[in-house]
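See structure below.
The numbers here are math on the coordinates, done by the rules we state, and not lab data. Because the structure is a prediction, the values reported are computed rather than measured. Reconstructed Cβ throughout: ideal geometry from the backbone, glycine too, with neighbour counts over all protein chains shown.
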Amino acid sequence: MPQTPQQYITQNQPQFLDQLQQFLRFPSISAQPVHQPDIQACAQWLIDHFIALGLQTQLIQTKGHPIVSAQTNFPTNRKVIIYGHYDVQPEDPIDQWQTPPFEPTIKNGFLYARGASDDKGQLFAHIKAVEALLKTNTSLPCNVHFLIEGEEESTGNSLEHYITQNASQLACDAVLISDTTMFNETTPAVTYALRGLAGFEVTVKGPNRDLHSGAFGGAVANPALILSHILSQCITTTGKILIPGFYDSVLPLSANELQTVYQLPFDEAQFAQSIGIPQTSGESEFPVIARIGHRPTFEVNGMFSGYTGPGGKTIIPASATAKITMRLVPDQDWNTIAQLADNYIRSLAPDTVHLEISPHFGANPILIDTHHPIMQTARNALRLAFDHTPVFIREGGSIPVVNTFAQTLKVPVVLIGLGLASDNIHSPNENFKIENFIKGAQASAQFLTNL
Ligand code: BES
Ligand code: MN
Ligand code: MN
């Protein structure tokens, strides 16, 4: 009896894990220039891996980090692009990791390493699925084209540029991505919406140097206080964003969709407990799932000003900075929202300080049509692999290039998340459930065969 792709995947699990660990050893942190050589080495490792599988490969150099391209060469015009990213977030705070971030460690059925879930592990499930199809001579109804970037985590746009410049070569029938999460530990999901992002840094500049707060205090505006005051006027304590025009293009949540959200099983107390907060916050008229998936937000990601060392220091700081990002939902446009926020924040600054706002960055939100037949193909594949009925969900994170795929290539984007909320992506002790890796590979092989 010839081996099935499913059997191949099960039997080769130890070897797959060994290879994934090699992939995870590269500290391919796209945001940090010192890791430039690691980024290159990681991309080259992928190229070598694809060459060994017999795919046609290309290492595409860009203004930023290289793109890895690898495709099968079957005599068919049909094609599926599989997207992923080999770059990862910085590992800090390093002292909170129980095992070193770039020394992948297997513990109790989980693989721990930076990038294990976001996105190297999820991407690798698809690479192994294609390997299984090739090694078992399974006839595929389409070619597979891997397009893997190294700038996703640092808002680079080289892949976006590449796609728009090479749209005709990239013509395909669908884009398949695993860079999201399952609905819960047992329920797989097809994600049909991702939030967008708009952001910048705001700096309030006061005196030309830190000043003695006794010798000057009372007559000089304190930048840290001014910045806090400005930020407190951007959002209420119940999550309403006060930037004029911010909600103008937010599509209302249909009663139908809201009902679907209420039908999804969700334990709010358990959610709060799992992240160590006393209770959830935000727009109480929306269920927690909708606050994360369907509603826009305003966040401060980091703030710095004045003296932060041990003990006290009586000064008025010379400046204060906040890193701000807003999560956006359909049909908000990131450029428009960033400009509205910029104008509003400038209008709030008193004449006693100088205000500086960095260049804006962002990505648009996306809403994917769940009625396309390929969505059922994806659900069927997930159901078989995970033995549970998949659900359609919206997710709160952003994958900037998804919009480019959808708009430039005009094809459905199928997001099948293999991650879990407990994977600690972007946090210390990132991990990936090995079972999800294997089931993900099974689902991918099934999906590609059934197209
Ligand atoms: N894989 C995530 C996006 C994600 C996370 C989707 C959780 C769904 C659930 C991706 O790698 C990511 O972190 N994106 C950044 C994009 C940003 C840097 C432009 C994000 O969402 O912050
Ligand atoms: Mn990701
Ligand atoms: Mn990420």
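Things to note:
- P(r) histogram, all alpha-carbon pairs of region 369-451 included - 10 Å bins from 0, percent: 15, 42, 36, 7
- Kirkwood-Stokes translational diffusion coefficient of region 85-197, alpha-carbon pairs, 4 °C, 1.567 mPa s, µm²/s: 77 µm²/s
- The packing ranking of peptides 199-205, 109-115, highest mean first, is 109-115, 199-205, where packing means the average number of other beta carbon atoms within 10 angstrom of each residue.
- Whole-Hz Karplus values for region 395-407 come out as 10, x, x, 10, 10, x, 6, 4, 4, 4, 4, 5, 7 Hz, taken residue by residue from phi with 6.51 cos²θ - 1.76 cosθ + 1.60 and θ = phi - 60°; glycine and proline positions read x.
- The protection proxy used here, the mean number of other Cβ atoms lying within 10 Å of each residue, ranks peptides 274-284, 363-373 as follows, highest first: 363-373, 274-284.
- Mean projection area, nm², convex hull over Cα of region 141-238: 13.3 nm²
- Note on region 324-389: Cα Rg divided by 2.2 N^0.38 Å, N the number of residues, gives 1.92.
- Where only DSSP H runs of four or more residues are counted, the chain gives -9500 deg cm²/dmol as its mean residue ellipticity at 222 nm, each run worth -39500 (n - 2.57).
- Projection of the Cα convex hull of region 193-289, averaged over all directions and equal to a quarter of that hull's surface, yields 10.2 nm².
- Global form of region 119-165, assessed from the alpha-carbon gyration tensor, a/c cut-off 1.5: oblate
- Rg/Rg_ref, region 2-75, where Rg_ref = 2.2 N^0.38 Å and atoms are Cα: 1.33
- Overall Cα dimensions of the chain, principal axis frame, Å, largest first: 87, 50, 45
- Neighbourhood net charge (12 Å Cβ-Cβ; Lys/Arg +1, Asp/Glu -1) for Cys234: -1
- Dimensions of region 392-440 along the principal axes, based on C-alpha atoms and rounded to the nearest Å, stand at 36, 24, 17, largest first.
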